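The values are calculated or read from the model by the stated rules, or taken from the named source; none is laboratory data. All values derive from a computational prediction rather than experimental measurement. Backbone-built Cβ (ideal geometry, glycine too); neighbour counts: all protein chains shown.
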Amino acid sequence: MEHEIVIKRRQGLSSIDFKELWSYRELLYFLAWRDIKLRYKQTVIGVGWAILQPFLMMVVFSIIFGRIAGVPSDSVPYPIFSFTGLLLWNIFSNSLSNSSQSLISSASIIQKVYLPRILLPTASVIVTLVDFLFAGIIFIGILIYYNFTPNLIGILLVIPMIIFTLISSLGMGFFLSALNVKFRDVRYALPFFIQLLIFMTPVIYPISITPLKYQWIVALNPMTGIIESFRTALLYETPVDWNLLTISVVMGMILFVFGVWYFLRTEKTFADVI
């Protein structure tokens with residue numbers, strides 16, 4: 001009597017093979033480098049867009065919200081106030097845009113070659129760090145122009161805040177990239193979602209203008225506590241609201257776990273649906 005043995009890949013978080021992911025680390029580098037080159041291919045000013053985009057956003061926000069609307073910036077020049085928020089916000093928003101299309105743009109690879117597919121949205125999120133570096137150069141120039149000296153504690157928090165931002169970005173990126181394989185509406189709905197979310201995040205305004213009893217609701221947005229805490233530590237002498245930061249970081253971790261779980265659960269259908 002013959003017995004048939006069927007080997008099925010585990011689904012969900014239990015299917016993560018960290019040893020395999022580590023063995024593909026060089027592929028992750030090449031995927032990220034490919035995305036960087038494709039992003040600025042056949043553009044007139046190339047990586048200059050990484051500088052021009054946040055700078056123009058800062059100028060528009062400073063005119064509309066800083067001067068016309070009179071949004072408070074708590075004694076800090078509004079261009080510095082808004083650009084501080086944009087530094088981390090652009091990592092988050094660009095990560096969502098890039099990662100949501102990462103599987104679709106790599107359809108030929110997914111259908112022909114085996115690789116841990118979770119590397120594709122991961123590489124597209126890592127690319128946003130390049131934009132952050134260029135934006136950081138502009139930020140230093142703005143600080144010099146206004147003769148403003150940031151606090152040391154804020155400088156020390158740059159890397160932790162980037163890590164927290166990447167965790168949230170990866171979580172939503174995994175979810176959106178997997179969802180976009182099945183529902184192509186994501187590419188049309190996501191830009192509107194990002195535009196809406198920036199007004200629900202203290203990028204162009206301080207969280208202090210939100211009534212205290214509702215601030216915990218705003219903090220459920222994972223970027224709220226991260227941006228507000230980073231700005232407070234970098235620009236002000238007031239202590240960081242650790243409760244606000246904790247809520248946002250915990251939400252970011254929840255999004256990350258959910259995003260990984262959903263991605264791995266639906267991964268087996270990518271090659272057939274894409």
Q. Which residue out of 176, 157 is within 19 Å of the chain's Cα centre (by Cα), within 24 Å of residue 238 (Cβ to Cβ) and in contact (Cβ under 8 Å) with a residue 24 or more places away in the chain?
A. 157
Q.
Which numbered condition in (1) under 22 Å from the mean Cα position of the chain (by Cα); (2) without any contact (Cβ under 8 Å) to a residue 60 or more places away in the chain is the only one that residue 116 fails?
A. (2)
Q: Go through 108, 73, 169 for me and flag whichever is under 26 Å from residue 29 (Cβ atoms) and touching a residue at least 12 places away in the same chain (Cβ under 8 Å).
A: 169
Q. Looking at region 110-182, what helices (runs of 4 or more DSSP H) fall wholly within it and have at least 3 residues that are of a type in the set (Gly, Ala, Ser)?
A. 128-145, 158-182
Q: Only residues that are assigned to a loop (DSSP other than H, G, I, E, B), modelled with pLDDT of 85 or more and either over 19 Å from the mean Cα position of the chain (by Cα) or under 12 Å from residue 81 (Cα atoms) (or both): list them for region 206-236, please.
A: 206, 236
Q: State which residue is modelled with the lowest pLDDT when the search covers only region 13-26 and only residues that are surrounded by 11 or more Cβ atoms within 10 Å (Cβ to Cβ) and within 23 Å of the chain's Cα centre (by Cα).
A: 13
Q) Looking at region 243-265, is at least one residue out of contact with any helix residue (DSSP H, G or I) (no Cβ under 9 Å at 6 or more places or on another chain) and assigned to a helix (DSSP H, G or I)? A) no
Q.
Any residue that is exposed (fewer than 13 other Cβ atoms within 10 Å of the Cβ), at pLDDT 85 or above, part of a loop (DSSP other than H, G, I, E, B) and out of contact with any strand residue (DSSP E or B) (no Cβ under 6 Å at 6 or more places or on another chain) - is there at least one of those in region 27-50?
A. no
